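Contents: one structure, followed by commentary.
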Amino acid sequence: MTKTFTRKDLKENNAETFHKGRWANADLLQYRDGGKTWVIKDFSPCLLPVRYTYGKFMARRELQFLQRLQGIKGIPENPFLMDSFALCYVYIPGKNLKEAKKQFISPEYFLALEQLVREIHKHNVVHLDIRYMRNILITTAGNPALLDFQSSFFLDKIPRFLHQLLKDVDISGVYKCWQKINPESMDTQRLELLAAIEKKRSLWIFKGYPLGTRLSRR
């Protein structure tokens, strides 16, 4: 998608920062333009070495995942790079699973989330950070949506013998969240699958970001 606004527009129209990143993470901003609310993941406030290496790489990398997944309901729409350091996409109204009230999250929601994850797998993408409940939304319509594809991989660039393991890591994230929020609604088959996947997941060595994120920017 062609970019619809620039960094100059953000300054002139007071884009709102709603989350400050740490030393290797983007700031998150909201900006209203063209009748839409946008999210901007901006690595430009990072230290210079991070901004011009990791920041540029991660902004473009996440754009590639979102572009491939366009057309899937529950994936941020109309992604583009505002510049080399900032990824933009249309804001999805709702609450993440960490903040949402558990009593309003039904078993049907988790079935829909499971289907959403399987849909991105059909496009040869694995998310790999679904256990982090802030990456999963329950929209105002009650539907699931997925955010933050920084940890994702394209399956077509990975040896085939790893594909099922990586897909299982994603599905185990769905089931783990389901178990935490609404365990009594899980069927025996999914509980057994979760237990089996947990054993396989011990083989998964890439946990979290390659760079620590506890350090603040100086």
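The values are calculated or read from the model by the stated rules, or taken from the named source; none is laboratory data. Keep in mind it's a predicted model, so treat the numbers as computed, not measured. Counting neighbours? That spans all protein chains shown, and the Cβs are built from the backbone with ideal geometry, glycine included.
Please list, ordered by residue number, the strands (runs of 3 or more DSSP E) wholly in the range 36-135 having 1 or more residues that are of a type in the set (S, T, Y).
Fully inside the range 36-135 and qualifying: 36-42, 86-90.
Would the range 95-105 turn up any residue that is of a type in the set (F, W, Y) and in the same structural domain as D156 (by TED's automatic domain parsing)?
yes
Can you pull out the residues in the range 1-22 that are assigned to a loop (DSSP other than H, G, I, E, B) and either of a type in the set (S, T, N, Q) or under 19 Å from the mean Cα position of the chain (by Cα) (or both)?
Those that are assigned to a loop (DSSP other than H, G, I, E, B) and either of a type in the set (S, T, N, Q) or under 19 Å from the mean Cα position of the chain (by Cα) (or both): T2, T4, T6, N13, N14, K20, G21, R22.
Among the residues of the range 104-138, what is the count of those that are loosely packed, with under 15 Cβ neighbours inside 10 Å, of a type in the set (S, T, N, Q) and touching a strand residue (DSSP E or B) at 6+ places or on another chain (Cβ under 8 Å)?
The number of residues fulfilling the criteria is 1.
Just checking, how many residues over the range 78-90 are surrounded by 16 or more Cβ atoms within 10 Å (Cβ to Cβ) and under 14 Å from the mean Cα position of the chain (by Cα)?
Counting residues in the range 78-90 that are surrounded by 16 or more Cβ atoms within 10 Å (Cβ to Cβ) and under 14 Å from the mean Cα position of the chain (by Cα) gives 4.
More than 18 Å from the chain's Cα centre (by Cα) and within 26 Å of P93 (Cα to Cα) - does that describe any residue in the range 160-179?
Among the residues of the range 160-179, at least one is more than 18 Å from the chain's Cα centre (by Cα) and within 26 Å of P93 (Cα to Cα), which makes the answer yes.
I'd like to verify a number: residues in the range 176-204 that are part of a loop (DSSP other than H, G, I, E, B), of a type in the set (A, V, I, L, M, F, W, C) and either farther than 20 Å from D148 by Cα or modelled with pLDDT of 95 or more (or both), how many?
So the count comes out to 2.
Here's a check for you: in the range 43-59, which residue that is out of contact with any Gly (no Cβ under 8 Å at 6 or more places or on another chain) and under 20 Å from L10 (Cα atoms) is surrounded by the most Cβ atoms within 10 Å (Cβ to Cβ)?
So, considering only residues that are out of contact with any Gly (no Cβ under 8 Å at 6 or more places or on another chain) and under 20 Å from L10 (Cα atoms), the one surrounded by the most Cβ atoms within 10 Å (Cβ to Cβ) is G55.
Specify which of the listed residues (D42, D83) is farther than 30 Å from K180 by Cβ, in contact (Cβ under 8 Å) with a residue 40 or more places away in the chain, among the charged types (D, E, K, R) and in contact with a Leu (Cβ under 7 Å, 6 or more places away or on another chain).
That would be D42, the only listed residue that is farther than 30 Å from K180 by Cβ, in contact (Cβ under 8 Å) with a residue 40 or more places away in the chain, among the charged types (D, E, K, R) and in contact with a Leu (Cβ under 7 Å, 6 or more places away or on another chain).
Tell me, which residue of the range 139-167 that is of a type in the set (F, W, Y) and out of contact with any Lys or Arg (no Cβ under 9 Å at 6 or more places or on another chain) is surrounded by the fewest Cβ atoms within 10 Å (Cβ to Cβ)?
Per the criteria, the residue is F161.
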